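Structure, as structure tokens:
The values are calculated or read from the model by the stated rules, or taken from the named source; none is laboratory data. Being a predicted model, the structure only gives us computed values, none of them experimental. For neighbour counting, all protein chains shown are included, and Cβ atoms are generated from backbone atoms with ideal geometry for every residue, glycine included.
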Amino acid sequence: MTSGPIDRAITHLADALRRTMGTAAVHEGQALAPYTTFRIGGPADLLAVAHHQETLCRAVTLAWEHDVPCLVLGRGSNVLVSDDGIRGLVVINQSNGITFSENRVNVESGELLSALAHQCVARGLAGLEWAAGIPGTVGGAVVGNAGAWGGTIAQVLNRARVMQQDGTIALWSVEQFNYQTRSSTLKQRPANQSIFPIKTGQQRHEIVLEAEFTLYQDNRARLEQIVRENMARRRANQPGGAGCGSVFKNPPGDYAGRLIETVGLKGYRCGGAEISPLHANFIINTGNATAREVKTLIDTAYQAVLDRFGVALELEIELIGDW
Ligand SMILES: Cc1cc2nc3c(=O)[nH]c(=O)nc-3n(C[C@H](O)[C@H](O)[C@H](O)COP(=O)(O)OP(=O)(O)OC[C@H]3O[C@@H](n4cnc5c(N)ncnc54)[C@H](O)[C@@H]3O)c2cc1C
């Protein structure tokens, strides 16, 4: 990393963050690996953990005021962070809290999606059963239109509180997210344009602060049974261990896993990274994989499927940082 104006800005930002959030919440040069489900990733210049919506907003605003690139992460379960890490500030969003009001539920964006799903089911509220077992936050799910077993965020989101790039906070209707398969206006923000690689942390991006979902009453025992079945399907078909879920989106009318398996890459390894022998659209960090090794597997699978089937697979995960 080079020194220069950004390093001076980072030093000033670090001081300002410590005054606002306390010294324990702000770290310099902290590896991001422990903050991702892949357990991979180099350091961020600065890392701050926000436990409340107000602190989240304040940390991001301070970064913007100091002209330091800033990226908000939830549980880091849909990203591959480069070995070189990320310039600027990374804010880990751990704001949480759920408020029920009849068929509506308001959730802070750092709440775990899976925990939300379980609480809804326990109240006989239907609409999020598919989300049990997804390890990310509500914020990450709203950005990426998370989904499983036919259910998606787009089907249940009513509106969300968003901090916009000019620092104002607005209520975004579900239409404003322009949802597509595992994508939204926010996931397609300018910093994320190219697939190889998608670079984030480079400029301002909108922050999801809170989401409101509209659900409906159903039989609690029936919903619990659906969750049990979904979780059992997950355990049977998806590998455990350190990973980030599906690496590629399924192309129209087909499955990325089927295509990668057909080109013979199930179980293929690069260093500590492995294309799962159980499901070819999953890459697992078997212990000490680097981001570069995972990226090599991604490129290998992409090229092999393109050569054999003429299908250009699209990444579902985001590659973050310097590549
Ligand atoms: C074992 C496993 C199984 C999975 N199964 C599924 C599945 O069935 N379906 C599915 O859709 N996904 C699945 N995933 C992927 C992942 O859990 C989801 O995409 C999840 O919604 C990501 O949330 P996150 O908090 O981890 O986001 P992160 O990975 O932390 O961030 C993802 C992106 O969202 C942005 N972001 C995060 N929070 C905010 C915020 N508050 N405001 C603005 N931007 C934000 C980040 O900047 C980044 O660009 C799985 C992952 C794993 C590891």
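Within region 102-112, which residues are in a strand (DSSP E or B) and more than 12 Å from the ligand (Cβ to nearest atom)?
104, 105, 106
Which of the residues belonging to region 1-15 are within 19 Å of residue 55 (Cβ to Cβ), buried (at least 18 other Cβ atoms within 10 Å of the Cβ) and free of Cβ contacts under 8 Å to residues at least 60 places away in the same chain?
Across region 1-15, the qualifying residue is only 14.
Scanning region 134-154 for residues that are part of a loop (DSSP other than H, G, I, E, B) and either modelled with pLDDT of 95 or more or more than 12 Å from the ligand (Cβ to nearest atom) (or both), which turns out nearest to residue 79 (Cα to Cα)?
This residue is 136.
Results for (1) in a strand (DSSP E or B); (2) at pLDDT below 95; (3) touching a strand residue (DSSP E or B) at 6+ places or on another chain (Cβ under 8 Å), shown as yes or no for each residue.
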{"position": "161", "(1), (2), (3)": "yes, no, yes"}
{"position": "167", "(1), (2), (3)": "no, yes, no"}
{"position": "170", "(1), (2), (3)": "yes, no, yes"}
{"position": "188", "(1), (2), (3)": "no, yes, no"}
{"position": "196", "(1), (2), (3)": "no, yes, yes"}
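Take the residues in region 155-173 that are more than 11 Å from the ligand (Cβ to nearest atom) and aliphatic (A, V, I, L, M), then tell me which one is nearest to residue 217 (Cα to Cα).
Restricting to residues being more than 11 Å from the ligand (Cβ to nearest atom) and aliphatic (A, V, I, L, M), the top hit is 156.
Give region 113-127 a look and list any residue that's crowded, with 22+ Cβ neighbours inside 10 Å and within 12 Å of the ligand (Cβ to nearest atom), or say none. Break it down into steps so the answer makes sense when it comes.
Taking region 113-127 and keeping what is crowded, with 22+ Cβ neighbours inside 10 Å, we get 113, 116-117, 120-121, 125.
Listed by number, the residues that qualify are 113, 116, 117.
If I filter region 270-313 down to residues being part of a loop (DSSP other than H, G, I, E, B) and among the aliphatic types (A, V, I, L, M), which single residue comes out as surrounded by the fewest Cβ atoms within 10 Å (Cβ to Cβ)?
Only one residue tops the list, namely 312.
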